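Trainee: First, the structure itself, so that you have it in front of you.
The values are calculated or read from the model by the stated rules, or taken from the named source; none is laboratory data. All of these numbers come straight from a predicted model, not from anything done at the bench. Every residue, glycine as well, gets a Cβ built from its backbone with ideal geometry; the counts of neighbours run over all protein chains shown. Quick note on the areas: whole protein, heavy atoms, side chains included, nothing else; ligands and nucleic acids left out. Shrake-Rupley method; radii C 1.70, N 1.55, O 1.52, S 1.80 Å.
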Amino acid sequence: MSSVNSYYSSPAQQVPKNPALEAFLAQFSQLEDKFPGQSSFLWQRGRKFLQKHLNASNPTEPATIIFTAAREGRETLKCLSHHVADAYTSSQKVSPIQIDGAGRTWQDSDTVKLLVDLELSYGFENGQKAAVVHHFESFPAGSTLIFYKYCDHENAAFKDVALVLTVLLEEETLEASVGPRETEEKVRDLLWAKFTNSDTPTSFNHMDSDKLSGLWSRISHLVLPVQPVSSIEEQGCLF
């Protein structure tokens, strides 16, 4: 064997170890069995996207994913998004930040915005590396502008973290064959309908279509559909 070949065939010990990435891959690979019936691209794209972020020595922006489901997949959506965030932080033994927009639609937008800001900044400053934001569609429209601060392409407040957002669609079922582009369009259409209609409570930081376009470009890097798992829908997230 030439010296060139031996150099390339035996440098395993020279590859620097990345405990965060190895722990993530080990835990993420177990999720396929726990959540049967999901699209192959959910696992492939989700793993590739988060793996790339964990592999970056100096990430330039956080990893932001949106998971979405129809009404019949409400519990599975909640459970899967939590477990993906948990896998991302699995080397740390620190649980993700949990924020829920459910029931907040008619609350004061500026107050909700401040609370979300406090929860995210406090968690990330204290070493938590992921946040799950449930029911993004239910936040008061203006309050979601706080995510500019956390999801910006260049100036995000924290770059070595993951933000997992969930959006519950209004339809009862989501076709199993739904593809990435159609999934993204469904979420986009729902957020536009929710956040820019005339009934939306206005506030000092009210939402409009231009602001929402800017926000959407920052949060919609990866939009993935979740199919219901009957045992989780019936019994909740037991594992």
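Trainee: Please compute the net charge surrounding Val132, taking Lys and Arg as +1 and Asp and Glu as -1 over other residues with Cβ under 11 Å from its Cβ.
Mentor: -1
Trainee: Kindly report, to the nearest 10 Å², the accessible surface of His221 as traced by a 1.4 Å probe over protein heavy atoms only.
Mentor: 80 Å²
Trainee: Still on this model: If amide hydrogens are placed 1.01 Å from N in the peptide plane, which non-local residues have theirs closer than 5 Å to the one on Asp152?
Mentor: Ala157
Trainee: What angle, in degrees between 0 and 90 and rounded to the nearest 10, separates the Cα long axis of helix 19-29 from the longest principal axis of the Cα atoms of the chain?
Mentor: That works out to roughly 70 degrees.
Trainee: I need the semi-axes of the equivalent ellipsoid of the chain: take the C-alpha gyration tensor, multiply each eigenvalue by 5, square-root it, list largest first in whole angstrom.
Mentor: Ellipsoid half-lengths, sorted descending, are 33, 22, 16 Å.
Trainee: For segment 73-161, with every protein chain kept in place, what is the accessible area per residue (1.4 Å probe, Å²)?
Mentor: Using a 1.4 Å probe on heavy atoms only, each residue of segment 73-161 averages 40 Å².
Trainee: Just to check I understand the Karplus step: with θ = phi - 60° and J = 6.51 cos²θ - 1.76 cosθ + 1.60, what whole-Hz values come out for segment 173-187, glycine and proline as x?
Mentor: 10, 10, 3, 5, 8, 4, x, x, 5, 5, 4, 4, 5, 4, 5
Trainee: Further question on the same structure: With angles folded into 0 to 90 degrees, how steeply does helix 109-125 sit against the dominant principal axis of the chain? Use alpha carbons for both and round to 10.
Mentor: Approximately 20 degrees, to the nearest 10.
Trainee: Another question, then. How charged is the neighbourhood of Glu234? Take every other residue with its Cβ under 13 Å from the Cβ of Glu234, and add Lys/Arg as +1 and Asp/Glu as -1.
Mentor: My count for the surroundings of Glu234 gives -2.
Trainee: Name the most mobile residue of Pro36, Pro228, Pro62, meaning the one with the largest mean-square fluctuation, in a Gaussian network model of the chain with Cα contacts below 10 Å.
Mentor: Ranking Pro36, Pro228, Pro62 by mean-square fluctuation puts Pro36 first.
Trainee: Starting from the amide H of Ile97, placed 1.01 Å from N in the peptide plane, find each other amide H under 5 Å away whose residue is 5 or more places distant or on another chain.
Mentor: Amide H neighbours of Ile97: Ala130, Ala131, Val132.
Trainee: In addition: Evaluate the distance, in nm, between pseudo-label points positioned 7 Å from the Cα of Ala56 and of Val178 along their respective Cα→Cβ axes.
Mentor: Using points 7 Å along Cα→Cβ, the separation is 2.8 nm.
Trainee: For the chain, what % of the accessible area comes from carbon and sulfur atoms, probe 1.4 Å?
Mentor: Of the solvent-accessible surface of the chain, carbon and sulfur hold 49 percent.
Trainee: Mind giving me the nanometre distance, one decimal, between the label points for Gln30 and Asp208, set 7 Å out from Cα along Cα→Cβ?
Mentor: About 5.0 nm separates the two model spin labels.
Trainee: Additional query: Bin width 10 Å, origin at 0, all Cα-Cα pairs of segment 48-186: what percent of pairs per bin?
Mentor: 11, 41, 37, 11, 0
Trainee: Suppose only helical runs count, i.e. DSSP H with n ≥ 4. What mean residue ellipticity at 222 nm does that imply for the chain under -39500 (n - 2.57) per run, divided by all residues and rounded to the nearest 500 deg cm²/dmol?
Mentor: That calculation yields -13500 deg cm²/dmol at 222 nm.
Trainee: Next question, about the same structure. Given a cut-off of under 8 Å on Cα pairs at least six residues apart, what relative contact order in percent is computed for segment 117-205?
Mentor: Normalised by residue count, the contact order of segment 117-205 is 39 percent.
Trainee: Kindly express, to the nearest 10 degrees and within the range 0 to 90, the angle between helix 74-88's C-alpha long axis and the longest C-alpha principal axis of the chain.
Mentor: 40 degrees
Trainee: For Leu238, put the label point 7 Å out on the Cα→Cβ axis and report which residues of segment 27-41 keep their amide N under 17 Å from it.
Mentor: 33-36
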